[in-house]
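A short worksheet on the structure shown next.
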């Protein structure tokens, strides 16, 4: 594999799709320096102005107005985030998006842009570091508590939803804990309640079960000791590596990489000997496909929402706590058709001056950071004279659907 | 393939990996035309995602407790479509009302399961696995598919992602994504076939991406005859399987086309989403029910005499008392609709009491597995006990 291909592969995986200029710059800087640059922690972005959290309404009309305002604020947050993804030249927002799909929380139930933003900022603040502080922060995250009924988890009537998903989906994986561990974990998390007015989570002493509980071979008395015990489990690191590999590496089993924090794990993944061979084996998620296209064509993410909705991936609205599907699930005839249509819409707004010459299929590959076209796609592209249709076809092509 | 297996199908991942391998074009289904015993019946399962409000679908208007519990929800008497016994259909369901009058629609009241769960995911898992105490990783129709040899063409879905109910232990149904397949300008079948050609040595992901082009070329001649909605329908609600399904009338039109061709398929899964109406639910539900009604009535008429049975369910009903947002919260038991050849129309089962409640919710009177058992035995000719973990109950309403 040439240096250019290797560094393009790195950029495609760690960012939302590199522009030709970014590829050129990375080739000049070299693989290691590019990896360093991409993973250098970024400053927390200035959050968008969402306006005040709407106060609960009394009358029917007021409540309707509140709902409308909530929807508008969520739309503002989604647009702001898509804009961040387009603007970001590092690995930061892609990682934020990874954690969003991992701790999959939906605005459909949380119904607050402020709380969804709060969770997102937690991903930015703790998502690059060791997982202990991230788990601690997420267990007291208001959006997650509302999403998984932590609100209803009390000493008298423990609710196991949050405790179960924390172990099953977020930290350990199936088989690494027992049903008794779920019950005990729920007791450790009792009493954490979200105050909808302030948007803060706090421990309500009278709802909290203050007795220490035994689980996972240890004893915990509160949320933080529960979080710390989980991340010390033998199953935790391989579980996190497995999830990272599935999104940044390849579809097969994860290599045995280690690292003290998520940044180190990503670095290890991108320097493991098998990483280069994973090029072209992962299916792009719809957000990755669309944001990559928008970046490479130098556009703004206007009109992104209907496309993402049609492709089945709206940010802030994962279909369930298990997150979005992965891999071939995204490759269907309906998604192919949507990519063809969306490709035309994007191409209509793009500058296609560079796609008219005799080398236009090569220019298209460079523009879209595609290593090469297969013979069949090359033949179809060559037969397409109109530069906008050429670009649309390239965006919809099999080679651009994977990375 | 994903690197982790999840206990449930929260993510369709384990399931969709199988599904992706068996995504078929409609033509591949139509190629099985004539392959089946003409006496064999067909089951069409309609899933209403989001928890349809059963009490405002089959409305117990004569019970004073109804108006008390839902002061702003009640319809005027003249709007209601009477069924007798003090119950009526939602005004959004005139087509089904007509079928009821003809003795072709069965309304099974109070269908649910023990220890109801009010989580959408959990309750949908329960309905789709038919395992209320502990939902496993196989769907009830997936297990049926396993029992008849596992040919994916026997059980298909027109949703973009395979619904868990069609996932078996050793086999899975196929997805045949239909929907609005009008091709964009300049995209010709020849172009699709060209890009869809396999190339030796490419990754499975890339091969699958290319195969989708070929599939698209194959299905489009069928779709072109179906009515097409405007693209980018912003209101199309996602289903729990993570993909936006084509409109119900299009899904059912595809089913009808396949049934008329006498294809091998015995089970079709179709769906309509958007029923989770916690606030301002009355008008929105009526609109959604009208979509269901129009599509189902047309389908039932077209399928008369072809051995097709339709079953309509949702993961739960809504609570008896309306909430403070003019909506209703997650509830429990709800009616099911059954219609088609061999189904004896009328009101079946017992209406749950509106006053003798379980923590504000209806107590179910018919276990949904009794209905499944009837469908397995009378429509699919299968042994219900084998598919339903030894379940012995069976509702009897075949005529």
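Observations on the structure shown:
- Number of positions in region A:345-403 that are within 11 Å of chain B (Cβ to nearest Cβ), under 15 Å from residue B:186 (Cβ atoms), assigned to a loop (DSSP other than H, G, I, E, B) and in contact with a helix residue (DSSP H, G or I) (Cβ under 8 Å, 6 or more places away or on another chain): 3
- Of all residues in region B:296-320, those being modelled with pLDDT of 90 or more and under 30 Å from residue A:68 (Cβ atoms) number 1.
- Residue list for region A:326-344, restricted to those being within 16 Å of residue A:381 (Cα to Cα) and either facing chain B (nearest Cβ under 7 Å) or not in a helix (DSSP H, G or I) (or both): A:340, A:344
- For region B:114-153, filtered to residues that are in a loop (DSSP other than H, G, I, E, B) and in contact with a helix residue (DSSP H, G or I) (Cβ under 6 Å, 6 or more places away or on another chain), the residue that is surrounded by the fewest Cβ atoms within 10 Å (Cβ to Cβ) is B:136.
- Test: residue in region A:286-304 that is touching a helix residue (DSSP H, G or I) at 6+ places or on another chain (Cβ under 8 Å) and within 8 Å of chain B (Cβ to nearest Cβ): no
- Residue A:342 surrounded by 24 or more Cβ atoms within 10 Å (Cβ to Cβ), closer than 22 Å to residue A:299 by Cα, out of contact with any strand residue (DSSP E or B) (no Cβ under 9 Å at 6 or more places or on another chain) and assigned by TED's automatic domain parsing to the domain that holds residue A:381: yes
- Only one of B:369, B:394 that is buried (at least 18 other Cβ atoms within 10 Å of the Cβ) and in contact with a helix residue (DSSP H, G or I) (Cβ under 6 Å, 6 or more places away or on another chain): B:394
- Residues in region A:229-240 that are touching a helix residue (DSSP H, G or I) at 6+ places or on another chain (Cβ under 6 Å) and under 25 Å from residue A:203 (Cα atoms): A:230, A:231.
- Test for residue B:341: is it at pLDDT 95 or above and farther than 23 Å from residue B:123 by Cβ: no
- Residue list for region A:261-275, restricted to those being within 24 Å of residue A:322 (Cα to Cα) and surrounded by fewer than 17 Cβ atoms within 10 Å (Cβ to Cβ): none
- Residue A:258 meets all of the listed conditions (1) in a helix (DSSP H, G or I); (2) surrounded by fewer than 22 Cβ atoms within 10 Å (Cβ to Cβ) but one, namely (1).
- Only one of the numbered conditions (1) facing chain A (nearest Cβ under 7 Å); (2) at pLDDT 50 or above; (3) crowded, with 23+ Cβ neighbours inside 10 Å is not met by residue B:240, and that is (2).
- Here is the figure for region A:38-76: residues that are under 22 Å from residue A:302 (Cβ atoms), away from chain B (no Cβ under 14 Å) and surrounded by 13 or more Cβ atoms within 10 Å (Cβ to Cβ) total 8.
- Pairing each residue of region A:142-165 that is within 11 Å of residue A:208 (Cα to Cα) with any residue that is in a helix (DSSP H, G or I) and modelled with pLDDT under 85, provided the two are 6+ apart or on different chains, yields C-beta distances under 8 Å for A:153/A:161.
- Selected residue (criterion: nearest to residue A:287 (Cα to Cα)) from residues of region A:101-126 that are within 14 Å of another protein chain (Cβ to nearest Cβ) and part of a helix (DSSP H, G or I): A:101
- Here B:210, B:155, B:197 are screened, and the one residue that is modelled with pLDDT of 80 or more and more than 7 Å from chain A (Cβ to nearest Cβ) is B:155.
- Looking only at region B:53-67, and only at residues there that are part of a helix (DSSP H, G or I) and touching a helix residue (DSSP H, G or I) at 6+ places or on another chain (Cβ under 9 Å), the one that is surrounded by the most Cβ atoms within 10 Å (Cβ to Cβ): B:55
- Counted residues, region B:269-299 - those being farther than 18 Å from residue B:100 by Cα, more than 14 Å from chain A (Cβ to nearest Cβ) and within 15 Å of the chain's Cα centre (by Cα): 4
- Here A:79, A:13, A:28 are screened, and the one residue that is at pLDDT 95 or above and either exposed (fewer than 13 other Cβ atoms within 10 Å of the Cβ) or assigned by TED's automatic domain parsing to the domain that holds residue A:298 (or both) is A:28.
- Residue within region A:19-34 that is in a loop (DSSP other than H, G, I, E, B), under 19 Å from the mean Cα position of the chain (by Cα) and under 21 Å from residue A:264 (Cβ atoms) present: no
- Among the residues listed as B:14, B:92, the single one being within 30 Å of residue B:212 (Cα to Cα) and either more than 10 Å from chain A (Cβ to nearest Cβ) or at pLDDT below 70 (or both): B:14
- Residue A:277 falls short on exactly one of the conditions (1) more than 19 Å from the chain's Cα centre (by Cα); (2) assigned by TED's automatic domain parsing to the domain that holds residue A:353; (3) in a helix (DSSP H, G or I), and that condition is (2).
The values are calculated or read from the model by the stated rules, or taken from the named source; none is laboratory data. Please read these numbers as outputs of a predicted model, since none were measured by experiment. Neighbour counts run over all protein chains shown; Cβ positions are idealised from the backbone, glycine included.
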